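Heads up, the thing below is written out as C-alpha cells.
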Amino acid sequence: MTNKNLLTFFKRCSFSGEEKELFQDAYATKVEANQEHRMLKAYVVFPKYLSFSHLLELEEKIKSAYQLHTAEIIPNFINEQFLPERWQDIMSCAKRRNSGVNGFLNDSVATVENDAITISLQYGGLDILEALDVQNTLNQILMEWFQKPYQLHFTGVTQVDASTLPEIPEPVFEEAPPPQAAFAAVPKQEPTKREWRRAAPVVTEMPKIPFELTDTPVYGERLGRNFYAINMVSQVNGNVSVMGNIFKCDSRTTWDQKNVRFSVYITDYTSSIILKFMVSLDQAEELSGRLKPGRAISASGQIVYDKYEEDYVINTKCIFEAKYIVRRDQSEEKRVELHLHTNMSAMDAVNSIEDFVRRAAYWGHKAIAITDHGNLQNYPNAQAISQECGVKMIYGVEGYLVDDMVPGFNPQETYRQKTTPRYHIIILVRNKTGLKNLYELVSYSNIRHFYRRPLMYRSEIERLREGLIIGSACEAGELFRSVVRGDTEEKQLEIASFYDYLEIQPLGNNAYMMRNGTTPNEEGLQNFNKQIIHLGDVLNKMVVATCDVHFLDPRDEVFRRILMAGNGFEDADLQPPLYYRTTEEMMAEFDYLPFEQAHQIVVENTNKIADMIEEITPIPSGMHAPEMEGSEEELRTISWETAHQIYGDPLPPLVEDRLERELNSIIGNGYAVMYMIAQKLVQRSNEAGYSVGSRGSVGSSFVASMVGISEVNPLAPHYICPQCKHSEFFNDGSVGSGFDLPDKKCPVCGTPMRADGHDIPFETFLGFKGDKVPDIDLNFSGEYQATAHKYVEELFGEGYVFKAGTIGTLADKTAYGYVKKYLESKEMKLNKAEEQRLVDGCVGVKRTTGQHPAGMVVIPKKYSVYDFCPIQHPADDQDSDILTTHFDFHSLHDTILKLDILGHDVPTLLKHLEDLTPLKFADIPMNDPHVYSLLTSPEALGVTPQEIDCETGTLALPEMGTKFVRQMMVEARPKNFSELLQISGLSHGTDVWIGNAQDLIREGKCEIKDVIGTRDNIMVYLIHQGLEPSMAFKIMEIVRKGKAKKQLTEEMISEMKSHHLPDWYLDSCLKIKYMFPKAHAAAYVMGAMRLGYYKIHYPVEFYCATFTVRPEGFNAVDVVKGIDHVRSVIRNLENLGKAKTAKDEETINTYQIVVEAMARGVQFLPVDLFRSKATAFTIENGAIRMPFSVLSGIGENAALNIVKARDEGDILSQEEFRVRAGVSNTVIELLNQEGVFGEIPVSSQMCLFDL
C-alpha cells in the first residue's frame, strides 16, 4: 500500500484536538487485517516518540470505531532512539507479546551505552526469560520502534529459588487462534469472540491410551499423576500431565552457547503436542540420548499458547520414562505372515520392513514374508533387519500375472487391451536357485512387459519356476476371481492346480464386495473362503490365511488413507483392516470355521511353508570385483616407474616404504583392478584434454597419486629436485603442506626444487589394516562425463555394466502436501504436532525409481547380473535405453564394483581456460602470493571491497565464493595452502566451525593453522604429539563420526592429556559431528588456486569461461544495461529477505560476479544474430560476447536451433527464420525486443513491397 496519513486512514475514529496534533504527521505504511476474525495490525511511522499508554489509547479508539476484536499498532519512531526512561514502555509491550515476562522484569533498570543495553534484574528468573525467548521479543520490539539492532545483556539478580518462581500467566486468549483438534475431529468451526475454547470438540470421556507410568526420571521431578489424553488438553487450564511416544525431537543452542532449548513432539494417538523446555549445555547431551524418536515418556507442565509455533504447547517441568503397551501374541503356537507389503509398495503401504520384523520378533514369530507389489527393493533392508532380530526372512513378491499361454495371445496387443486379464500372484523364494530366477522374472517384468505395472508372463514363470513357491494371492488373484465369478468347479480346480498353495484372507479385506453388490452379506464372503479351502482339500494343496498386510497397527491406516486420497481414490476413507495380526486376532477372523480347520490354515500351514524355505541372503557377502588380466602387475609397474621418475632410483626410504606398504595392502585384498579401472578412465579423459579431480579420501593413497588417479600427494611435505632427485622431507609436523615451503634451489645441483606433499595417512582411505573396500570417486568434466560412462562399457562389455539405480520416496515437503490436501478436503484443522505426525507417517513411501547421475556398477564376467540383483529402466521409462540396478546402489556398495564418475565444473573450467590462454594449468605455481591475497582482499584484482561489495577476491572460485566461506576467511585470515585446507575442511564439516573453531579463534586461544580442520589432522597431530598410531587412528575415526562423547574411552582421554595437548583440543573433539577428509579438501583447493591464478592474470578469459560453464541466473537483458542496473537488481532481490527463491539467490550470486567483472573493466557485448554462439560466451576484441541462451525465455534447445538456422544461409525475414529454426513466435519477439534482428524485415512479403 502507499503511505496513508494516520488521521485520514482511520477517519472513523473521533480524535481530540490534542490527538490530532499528536498524530498529524504520522502515517501508516502497512496494514494487515483479518475480516473474519475482526483483527487488525497497523505499522505506523511517528515523527515523535509516543508512550506505550498513548499507543494503547490509540488502539482502543480504532477497536471501538471499527468494531474489532483486536487492534495492534506497531510503531516506528524514525527520529528517535532508545533511552533508559523508555524501558518501562518497552517492558509493557514485551509483557503483552510474551505473557511469561510478567513479574521477572518488574522494577528492572536499563542502561544504554553505544549499541548495548544492560538490563539489571531485581527478582531473578533469567533462565525462565531465556526459556521463553524474551530476548528475541525485546530485540524485535527495539528494531520495530527504533530501526536499530541492540546487544542485550542481563545483570543483577539472575537466579531465584524454585519455590519463589512466579506462575506463568494464562495466555491472552482473545488474541490466540482456536486450539487445534485431534485427527479424528469433525470439520472445523471458527470461534467467535471469546468462545475459542468451544471451537474444539468437547471430549467428555477420557480415551484409553496405550501407556503405563514408570518412576525413571529423565528431566525434573514428578509434579503429578493425573494424566490427560492429548486430545483433551485444550480443555484444561494451567498444569497438565500427558504420556506419549516421541516422534520428533528438535534442539537449538541459545545465543550465549550456555543452554539448549528442546522441542519434543509426542503422540498418544488421540492427538499430538509439543513439549518445550530449556536445560544447560551439559544436561542437553544426556537428554539428547534419552529423548529419541520411538521412546515413550510422560511429561508435566503448563499448557500455553506459543506465538513462535502459533500453537499450544506444554512448557514442560518434568519428564519421566513411560512404557508403551504394544499388542502381544500370547499363543503358544504362532502364525507366520506370508503376504506383507512395506513402504516399497509404491504409494500403497506405509511401514518399513524394520517395523514389521521388530514386531515379529517381539511377538515371537519365527518368520515373516515380504511381498511388495512388483518389486524387491526392500530386500537389502530386509536382509539386515532379519539378521539383527533373528527372524527368518521369506523373500517374495506380489506380481501381476498375465496368461500368455492362452490361444491367440498377442503380446503386441496386450498392453492396449484393457480386457486382457491381469491377476495378482504371490511368489516366494525357496532357495538360492529360486532367488536368481525371481531376479530374472522381475527384470523381465520391468524391461520387457511393463505397462502401468511390471507384468509377469505365465510362460516365463513356468520356465523359471525352480526354487520358487507360487501362491494364489488375494481377491485380485486368478483363483479368487474365478470363485467370485461362479465358474464351474472343474474350471476352478484347473486354475488352482497351477499354484503350490492357496490363500484366503479376513472378511474385512473384502468388505467392499458387500458395498458394490458382489455379495449381499458376510456369509457370502465366508462362502468364497470356504470354497477355496474345499479346492485345496480336493487337490491336496495347503491353504493358508494371510492378512495382505499394508500397515503395522490398525491406527496406521490413516497414512494409507491420506496417500490414496491424494492419488484420487474415492473410497480412500473406507480402508480395509490390512494390519499385521497376532495369532489370536487371526484365529478370531476365522471363527466361522471349525477350530481345527482354522488352526490349520492360520498356524500349521503357514509354519510348514516357512519351514520349506531355506535361509537366503539376497545380496551375496564379500566383494565381487571384475577381473582385469594383468591389473596387479600393471599397477605395480606404473607405481614404481612414476615414483622413480619423480624421486629417483633408489627411492628415498620414506617413499619406498609407503609405496610398498600400500601396494601390498591393495593387491593383497584384491583391489588392484579398482585402481586400474580408475587409472584407465583418468588416462582416457586426459588424452581428450580434460583433467580429472579426485574426491573423498582417495588422495590419501600414494599409489593413487603415482598412477594418476589423484592429483594430491599424501607424503609428508617435501622438496624434490626434478634434475638430480635430491629430496628433503619434513616429518615433524612443522610444515602443514609442501605448497607452503618457500622457493628453494637444489643444494646439490642448483636446479629450482619442486615442493609437494600434504601429510595425509593412507589409513584414512583403506582403514588401519588396509582392508576397507576402496571408494574411488572422481570428478570428470561435465562435458566429458557421458564419454567416460561409455568407456566403462567398452572396457567390460554389454551386459556387465549398469547404471546405479536409485529409489525416490516421499520427502517431507511432498508428504506435507498430501496431508494438507487431505485435511482441506475434509475441512479439518489439526494442531502443528499432529500434522507433523501425519507427515512423518507418509515420509519414506516409495514414489518412483531413478538413476544415480554418476554411479555405474560392473558385474564380473563369471557372473550374471541376476546373481546380485534384478535390473530395470529408470522411472519405469520403457523408451529409455538405460538399464539400472533394481536395488538402490548403496545396497551393493560392498558387493560389486561401483564407479562414481561424477560431472564437475572445475575440470571443465580448466579445459576452457587452457583453450583460451597460452597457460597450462599444471604449470601454475601453488604458492603465488597474489592468489593468496584474494582470500582476504580483492586488491589484486584492481578493485576495492566497496566497488564489488565483497571483502575478498574469491567470487566465482569454487569452495571460496560463497558468503559463508568468505566470512570464514575474513575472520580466520588464511595466508597459505595448509590454512586454506583448514578453511575447506571446516566449511564442509558439522559443528567444527560455528561454536567450535570460530570461537577458539575469536577468543585468541589458537589460530586457523592450529584448529581441527580435517579428519586426517587428528591422526597426524596425535602421532606427532607422541600417541601410538593405532590409538591415534581410533580417536580420529571416533571424532570424525561425531561419536567422541560416547566412544572416547578413559584410556584414550588419559593418553591425550598425558601428551600435553592444549586444553581446548579435547573439548573441540567432543563437539565435532562430522569431519571432511583432507585429501578431498586438498583436491578442491588446488583447483580453486589454479582458477584464482587465471582470474588475476587472465580476467576476460576467466569470466568468459566462468559464465559459459555456470550461466545460471545470468540474463543478458540486465547485463547489457550496465553495472548500475545490475547492482540495482541485486539490491531489489536482497530486499525480498526471506521471500527470496532459490532462483533469486542464484541470480544474486551470478550478478555479484558480473559486477566484479565490470568493475575490473570487462565489457559484455549484446547478443548478436551473426556473432553469438548458442550457449558459449566468446571473446571479441577483449570483450565478452553473450550467447543466445542467456536471453531470458530462450532455452538451450531454442538457442541451438537458432544458431543452426543462422548457419544454413541468408535470412530473408524474421518469419522465414522462425520456420527454419523451428522456434515459437515468443522467441522471435524476445530477439526483436533486444534488437537482434536489426534491419531484417518481419516477413518476406515486406521485402516485395520494398522493391
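The values are calculated or read from the model by the stated rules, or taken from the named source; none is laboratory data. Owing to the predicted nature of the structure, the values given are computational and were not obtained by experimental measurement. So basically every Cβ, Gly included, is an ideal-geometry build from the backbone, and we count neighbours across all protein chains shown.
Tabulated data for the structure shown
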item	result
Test for residue 954: is it assigned to a loop (DSSP other than H, G, I, E, B), β-branched (Val, Ile, Thr) and either crowded, with 20+ Cβ neighbours inside 10 Å or on the phi > 0 side of the Ramachandran plot (or both)	yes
Pairs with Cβ under 9 Å, 6+ apart, first in the range 509-523 and in the same structural domain as residue 486 (by TED's automatic domain parsing) and within 19 Å of residue 570 (Cα to Cα), second outside any helix (DSSP H, G or I) and among the acidic types (Asp, Glu)	509/475; 509/548; 510/475; 512/475; 512/571; 513/475; 515/571
Test: residue in the range 995-1018 that is part of a helix (DSSP H, G or I), in contact with a Pro (Cβ under 9 Å, 6 or more places away or on another chain), β-branched (Val, Ile, Thr) and in contact (Cβ under 8 Å) with a residue 40 or more places away in the chain	no
Residue within the range 28-38 that is within 48 Å of the chain's Cα centre (by Cα) and at pLDDT 85 or above present	yes
Some residue of the range 895-916 being part of a loop (DSSP other than H, G, I, E, B), among the small types (Gly, Ala, Ser) and in contact with a helix residue (DSSP H, G or I) (Cβ under 9 Å, 6 or more places away or on another chain)	no
Count - residues of the range 752-788 that are free of Cβ contacts under 8 Å to residues at least 12 places away in the same chain and either among the β-branched types (Val, Ile, Thr) or at positive phi (or both)	1
Any hit, the range 743-764, residues being of a type in the set (Val, Ile, Thr), in the same structural domain as residue 664 (by TED's automatic domain parsing) and out of contact with any Cys (no Cβ under 6 Å at 6 or more places or on another chain)	yes
Scan of the range 110-125 for residues that are buried (at least 20 other Cβ atoms within 10 Å of the Cβ) and either closer than 14 Å to residue 255 by Cβ or free of Cβ contacts under 8 Å to residues at least 40 places away in the same chain (or both), ordered by number	110, 117, 119, 121
Residues being under 32 Å from the mean Cα position of the chain (by Cα), small (Gly, Ala, Ser) and at negative phi - total across the range 545-599	3
Check on residue 1219, assigned by TED's automatic domain parsing to the domain that holds residue 1146, modelled with pLDDT under 90 and either surrounded by fewer than 14 Cβ atoms within 10 Å (Cβ to Cβ) or not in a helix (DSSP H, G or I) (or both)	no
Helices (runs of 4 or more DSSP H) fully within the range 605-709 counting 3 or more residues that are crowded, with 17+ Cβ neighbours inside 10 Å and modelled with pLDDT under 95	653-668, 672-687
Strands (runs of 3 or more DSSP E) wholly inside the range 372-478 that include at least 2 residues being within 17 Å of residue 609 (Cβ to Cβ)	392-402, 423-429, 468-471
Scan of the range 746-803 for residues that are under 18 Å from residue 694 (Cα atoms), part of a loop (DSSP other than H, G, I, E, B) and of a type outside the set (Asp, Glu), ordered by number	757, 758, 760, 761, 762, 773, 774, 776, 782, 784
Filter pass, residue 1176 being in a loop (DSSP other than H, G, I, E, B), modelled with pLDDT of 90 or more and touching a helix residue (DSSP H, G or I) at 6+ places or on another chain (Cβ under 6 Å)	yes
Selection status of residue 441, in the same structural domain as residue 525 (by TED's automatic domain parsing), more than 44 Å from the chain's Cα centre (by Cα), modelled with pLDDT of 95 or more and closer than 15 Å to residue 398 by Cα	no
Residue 368 within 30 Å of residue 604 (Cβ to Cβ), of a type outside the set (Gly, Ala, Ser) and assigned to a strand (DSSP E or B)	yes
Failed condition for residue 775, given (1) modelled with pLDDT of 90 or more; (2) in contact with a Ser or Thr (Cβ under 9 Å, 6 or more places away or on another chain)	(1)
From 699, 670, residue being in contact (Cβ under 8 Å) with a residue 60 or more places away in the chain, under 25 Å from residue 856 (Cα atoms), out of contact with any strand residue (DSSP E or B) (no Cβ under 9 Å at 6 or more places or on another chain) and not basic (Lys, Arg)	699
Complete set of residues in the range 924-950 that are over 30 Å from residue 744 (Cβ atoms) and buried (at least 17 other Cβ atoms within 10 Å of the Cβ)	938, 943, 948, 950
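For (1) buried (at least 17 other Cβ atoms within 10 Å of the Cβ); (2) aliphatic (A, V, I, L, M); (3) closer than 25 Å to residue 713 by Cβ; (4) in the same structural domain as residue 1072 (by TED's automatic domain parsing), each residue gets a yes or a no:
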position	(1), (2), (3), (4)
995	no, no, no, yes
1003	no, no, no, yes
1009	no, no, yes, yes
1013	yes, no, yes, yes
1016	yes, no, yes, yes
1026	no, no, no, yes
1034	yes, no, no, yes
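Every residue, every condition in (1) aromatic (Phe, Trp, Tyr); (2) on the phi < 0 side of the Ramachandran plot; (3) over 23 Å from the mean Cα position of the chain (by Cα); (4) in a loop (DSSP other than H, G, I, E, B), yes or no:
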position: 313; (1), (2), (3), (4): no, yes, yes, no
position: 319; (1), (2), (3), (4): no, yes, yes, no
position: 323; (1), (2), (3), (4): no, yes, yes, no
position: 345; (1), (2), (3), (4): no, yes, no, yes
position: 355; (1), (2), (3), (4): no, yes, no, no
